[in-house]
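The values are calculated or read from the model by the stated rules, or taken from the named source; none is laboratory data. Values in this document were obtained by computation on a predicted structure and should not be read as measured data. Neighbour counts are summed over all protein chains in view; Cβ atoms, including those assigned to glycine, are modelled from backbone coordinates with ideal geometry.
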Amino acid sequence: MEKVLVLFLTAILLGLYTVTPSLLDAKAQAVEVWVPNDYPTIQGAINGVENGSIIHIRSGVYMENVRLNKSVNLIGENADTTIIDGNYTANVIDISNIVGIGLEIQNLTVRNAGPNALTGMSGFRVANSINIGIYGCTARNCTDGIQEMSGDVDVGYNTITNNTYGIVISSGGTSRIYANMVSYNGAGILITSATSHNTVYRNSFVQNVNSQANSGGFTTWDNGAEGNYWSDYLGQDLDGDGIGDTDTPHLGLDYHPLMEPWSLNRTFNVTVGAGTYMLATFSNTTIASFAFNETLKQISFNSTGPNMAIGFCNVTVPKNSMWGNFSVSTQNQQPSLIISENGTHNFLSFTFNLSSTQMIKINSTYAVPELPLVTQILILLLAALSALGFKRFRK
């Protein structure tokens with residue numbers, strides 16, 4: 001009997017040894033879930049999934065103070081309609097002790113950190129974490145829109161508005177702050193840490209009470225060619241490269257201040273004769289001095305970016321403004337051109353090697369006000385018939 005019992009217990013232990021790892025693997029598996037479909041709250045979803053998981057958040061208002069202490073990505077359905085409201089009780093999203101693969105937060109609005117402007121609560125607070133990315137989000141009505149206390153943080157393409165401080169870097173770490181709209185805050189950006197290493201470029205600091213309250217650490221305020229847009233910069237751009245001409249850095253910081261707010265997308269209204277045509281660019285560079293020459297059948301503009309980088313540009317051209325065969329050239333290159341189209345527009349795409357500022361020229365076979373050959377022939381025939389009719393009338 002004892003021997004049977006020993007064999008029975010041994011079988012159970014062997015079974016547990018065999019099954020348990022697979023159960024643990026299943027439990028540790030990263031998944032994709034949706035709030036509120038799979039979990040009613042964002043915090044519940046964070047608590048219920050493992051590292052590497054993706055939490056999608058449907059549009060709606062979530063009255064929560066979220067604590068992120070594991071590597072899960074939060075992806076909102078739409079930054080304008082997916083809102084986390086801190087209800088003036090704490091930080092809205094508090095990220096701490098994240099290592100390894102890190103995490104990303106995208107397409108969310110955070111608001112109403114609290115309880116008041118004197119307590120230092122943040123829309124996004126990052127502490128002791130690395131590989132953190134915050135993209136395409138909005139932070140408003142907080143003491144600090146985004147606060148980095150220590151870590152490695154990538155902050156890009158966000159809107160940070162109506163906070164006491166827009167961006168605060170208050171402890172050692174590495175930050176890349178780029179292409180954010182920082183507007184109508186008490187101070188646009190505050191860097192107080194003497195040990196932080198930061199790169200700040202292509203941001204638009206617009207109508208903040210103070211553009212920057214202080215600057216500490218090893219902070220670079222450009223990417224080698226492009227700095228930031230400051231609504232209080234009053235300099236000139238005599239060479240038309242989109243960068244202000246200044247011998248001294250703006251605010252003692254920025255040697256390459258931008259003349260206009262930076263954006264991947266730009267639109268240009270071009271008036272030719274009695275017509276107005278809207279042309280658009282999508283580019284990872286600063287576009288300036290955009291011009292349309294109907295005589296040369298040519299679009300031209302300056303493209304500025306850091307040396308040794310690869311620039312890309314997509315240009316959307318109405319078919320009634322330019323048509324036929326297209327070609328593109330820079331000062332020292334002949335990029336390959338990829339063309340697609342729909343019923344009303346041509347889409348021209350190309351890449352090129354950047355060397356500070358490049359003059360881009362796009363030529364076509366035809367351009368307004370020149371008319372297609374068939375139309376010209378019809379007009380000539382109508383003119384001839386009119387002349388013949390006038391002669392007969394006189395007789």
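Here are a few things to note about the model shown:
- Looking across segment 144-174, the residues that are more than 22 Å from G76 (Cβ to Cβ) and either in a loop (DSSP other than H, G, I, E, B) or polar (S, T, N, Q) (or both) come down to M149, S150, T164, S170, S171, G172, T174.
- Exclusive hit being part of a strand (DSSP E or B), buried (at least 16 other Cβ atoms within 10 Å of the Cβ) and more than 23 Å from the chain's Cα centre (by Cα), set F292, F282: F292
- Qualifying residue in segment 43-57 (condition: over 21 Å from V31 (Cβ atoms) and in contact with a strand residue (DSSP E or B) (Cβ under 8 Å, 6 or more places away or on another chain)): no
- Selection status of N307, closer than 18 Å to A225 by Cα and assigned to a loop (DSSP other than H, G, I, E, B): yes
- Tally of residues being in a strand (DSSP E or B), of a type outside the set (S, T, Y) and modelled with pLDDT of 95 or more across segment 342-358: 5
- Scanning segment 80-106 for residues that are buried (at least 20 other Cβ atoms within 10 Å of the Cβ), part of a loop (DSSP other than H, G, I, E, B) and in contact with a Gly (Cβ under 7 Å, 6 or more places away or on another chain) yields a count of 2.
- The lone criterion from (1) farther than 29 Å from Y178 by Cα; (2) touching a Leu at 6+ places or on another chain (Cβ under 9 Å); (3) of a type in the set (S, T, Y) left unmet by T365 is number (2).
- Residue within segment 189-205 that is crowded, with 19+ Cβ neighbours inside 10 Å, of a type in the set (S, T, Y) and assigned to a loop (DSSP other than H, G, I, E, B) present: yes
- Test result for I12, at pLDDT below 50 and either in the same structural domain as I93 (by TED's automatic domain parsing) or more than 30 Å from V99 (Cα to Cα) (or both): yes
- Qualifying positions in segment 206-234 - within 21 Å of the chain's Cα centre (by Cα), among the polar types (S, T, N, Q), closer than 23 Å to D245 by Cβ and assigned to a loop (DSSP other than H, G, I, E, B): N223, N228, S231
- The set of residues from segment 83-110 being within 18 Å of the chain's Cα centre (by Cα) and among the polar types (S, T, N, Q) comprises Q106, N107, T109.
- Out of I95, I84, sole residue that is assigned by TED's automatic domain parsing to the domain that holds D154, closer than 21 Å to I160 by Cβ and touching an Asp or Glu at 6+ places or on another chain (Cβ under 7 Å): I84
- Matching residues, segment 107-116, being of a type outside the set (S, T, N, Q) and outside any loop (DSSP other than H, G, I, E, B): V110, R111
- S303 being surrounded by 16 or more Cβ atoms within 10 Å (Cβ to Cβ) and touching a Gly at 6+ places or on another chain (Cβ under 7 Å): yes
- From the options T161, T174, T220, residue that is in contact with a Lys or Arg (Cβ under 7 Å, 6 or more places away or on another chain) and more than 22 Å from F282 (Cα to Cα): T161
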